[in-house]
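Notes to accompany the following structure.
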Amino acid sequence: MTAETSYTANIGEWYPNTPAERAVNVVVLLINAVCVVGNVFLWCVWYHDRTLRTSIKSLLILNISFFDLAWAIFQVILKSWNVYHGAWASGVWSCQANSMMNNICQAVSMQTLMLVSLDRWMSIVKERSSKPADTYIMIINSWIVAIVFTILNVLASGNRPILAASHTYCDPDWMAPKWGQKAMGYFTIVCYVSFVLIMSFCYLSIFRKFRQSVAGLRDMKTHLSSTGARSTLKSDIMDSATSAGTADAVGSNTAGGPLPKDLLLKAGTEEALVMSKSTLNRSAGPEERALIRKFAILVTTFALTWGLWVFLILIPETVTNRMSSQVPDMLAAVGFPVNAAATPFLFILLDSRFKSAAKSLLRWS
């Protein structure tokens with residue numbers, strides 16, 4: 001079935017769902033409900049904690065959460081109606097609205113996830129803490145880019161999105177042999193690949209900085225122990241931590257503290273001086289493994305959930321001018337809601353500030 005036939009056929013009677021399509025619709029509805037709960041909880045955590053409310057860094061995370069929440073609420077309403085009727089029963093207007101909401105909300109979400117990694121890289125690796133104005137500019141820029149991207153997609157497709165093969169969502173007509181639509185398709189592919197590469201580069205650079213910082217502190221401690229320089233321990237350790245880019249990272253770095261926190265907390269005490277080299281080695285190992293785990297989860301979640309749609313739908317339809325088959329489309333239909341649903345929980349679990357605030361809100365010790 002061609003894109004034109006699919007669109008024209010759907011103007012009148014919408015396709016009734018097969019049992020498999022109904023199952024996918026129900027699964028996506030439940031995932032979107034989880035997304036709503038997760039993002040509402042994230043906002044409650046932010047509002048509950050005064051430190052988070054006054055932190056400019058939190059605005060990037062809230063930017064993702066706001067658009068994911070808006071998208072999920074729209075999807076819950078739309079899916080509930082379609083699941084109840086057992087078909088895409090909400091009409092052509094909802095297909096157009098669904099396509100535009102997908103474009104604008106997910107464009108902001110993808111951009112901001114990439115900007116979060118860049119912000120961490122600048123703060124930790126380049127030792128340049130972003131100013132509040134920089135954060136505001138990044139957020140506004142993500143809105144502008146998303147709006148322009150959505151408008152260009154609407155113009156390229158003639159505001160005629162098509163119902164996907166799974167009959168569960170609507171997408172721009174990537175199959176249309178028009179240069180404008182093809183350009184938007186290839187541009188979207190380049191953006192996805194670029195975002196994955198940028199995020200991977202930033203987090204690998206942060207991890208390398210972490211290892212260099214740990215090695216530097218280990219060497220400095222060995223030197224202090226051999227020379228018996230007790231009086232300068234506190235200033236030397238704090239100077240080393242600052243030069244390693246950890247003054248901004250400890251307590252505020254959402255990727256996890258890049259230096260062993262117990263060493264900084266004990267700076268200037270007798271215990272810090274007599275800390276053995278083996279103790280420092282033991283503390284560095286878990287920190288490194290935790291950092292690797294956090295980075296791997298963030299990048300892998302982004303790459304896989306969005307990759308399903310890019311590699312199973314966007315690339316085949318853009319290159320071959322043919323609609324993807326139903327099974328890959330069903331996988332893609334589940335993929336990007338999973339990303340939106342997982343993101344708030346990942347930030348709460350992997351960000352020490354949000355994690356401690358969430359425990360406080362839930363009265364967990």
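The values are calculated or read from the model by the stated rules, or taken from the named source; none is laboratory data. Just so you know, these numbers come straight off a predicted model, no measurement behind them. Cβ sites come from the backbone with ideal geometry, for glycine too, and all protein chains shown count toward neighbours.
For the stretch 158-193, which residues satisfy the criterion of being over 25 Å from LEU29 (Cβ atoms), touching a residue at least 40 places away in the same chain (Cβ under 8 Å) and either touching a Pro at 6+ places or on another chain (Cβ under 7 Å) or of a type in the set (Gly, Ala, Ser) (or both)?
Answer for the stretch 158-193, where residues must be over 25 Å from LEU29 (Cβ atoms), touching a residue at least 40 places away in the same chain (Cβ under 8 Å) and either touching a Pro at 6+ places or on another chain (Cβ under 7 Å) or of a type in the set (Gly, Ala, Ser) (or both): ASP173, ALA176, GLY185.
Have a look at ASN10, ASN82 and point out the one that is in a helix (DSSP H, G or I), modelled with pLDDT under 90, surrounded by 14 or more Cβ atoms within 10 Å (Cβ to Cβ) and not assigned by TED's automatic domain parsing to the domain that holds SER157.
The unique qualifying residue is ASN10.
Which numbered condition trips up ILE56, out of (1) in contact with a His (Cβ under 6 Å, 6 or more places away or on another chain); (2) not in a helix (DSSP H, G or I)?
Here ILE56 clears every test but (1).
Do we find a residue being crowded, with 23+ Cβ neighbours inside 10 Å and of a type in the set (D, E, K, R) anywhere in the stretch 175-183?
Scanning the stretch 175-183 turns up no residue that is crowded, with 23+ Cβ neighbours inside 10 Å and of a type in the set (D, E, K, R).
Could you pull out the residue among LEU346, LEU350 that is modelled with pLDDT under 90, under 23 Å from LEU304 (Cβ atoms), under 13 Å from the mean Cα position of the chain (by Cα) and not aromatic (Phe, Trp, Tyr)?
LEU350
Evaluate the following for CYS95: is it in contact with a strand residue (DSSP E or B) (Cβ under 6 Å, 6 or more places away or on another chain) and not polar (S, T, N, Q)? Break it down into steps so the answer makes sense when it comes.
Details: in contact with a strand residue (DSSP E or B) (Cβ under 6 Å, 6 or more places away or on another chain): yes; not polar (S, T, N, Q): yes.
Against the criterion (in contact with a strand residue (DSSP E or B) (Cβ under 6 Å, 6 or more places away or on another chain) and not polar (S, T, N, Q)), CYS95 qualifies.
Can you tell me which of SER117, SER99 is among the small types (Gly, Ala, Ser), over 24 Å from VAL299 (Cα atoms) and surrounded by 16 or more Cβ atoms within 10 Å (Cβ to Cβ)?
Exactly one residue qualifies, and that residue is SER99.
Step by step: first the residues of the stretch 273-319, then only those that are closer than 19 Å to GLN212 by Cα and among the aliphatic types (A, V, I, L, M), then the one that is modelled with the lowest pLDDT. Which residue is that?
Looking at residues that are closer than 19 Å to GLN212 by Cα and among the aliphatic types (A, V, I, L, M), I get LEU280.
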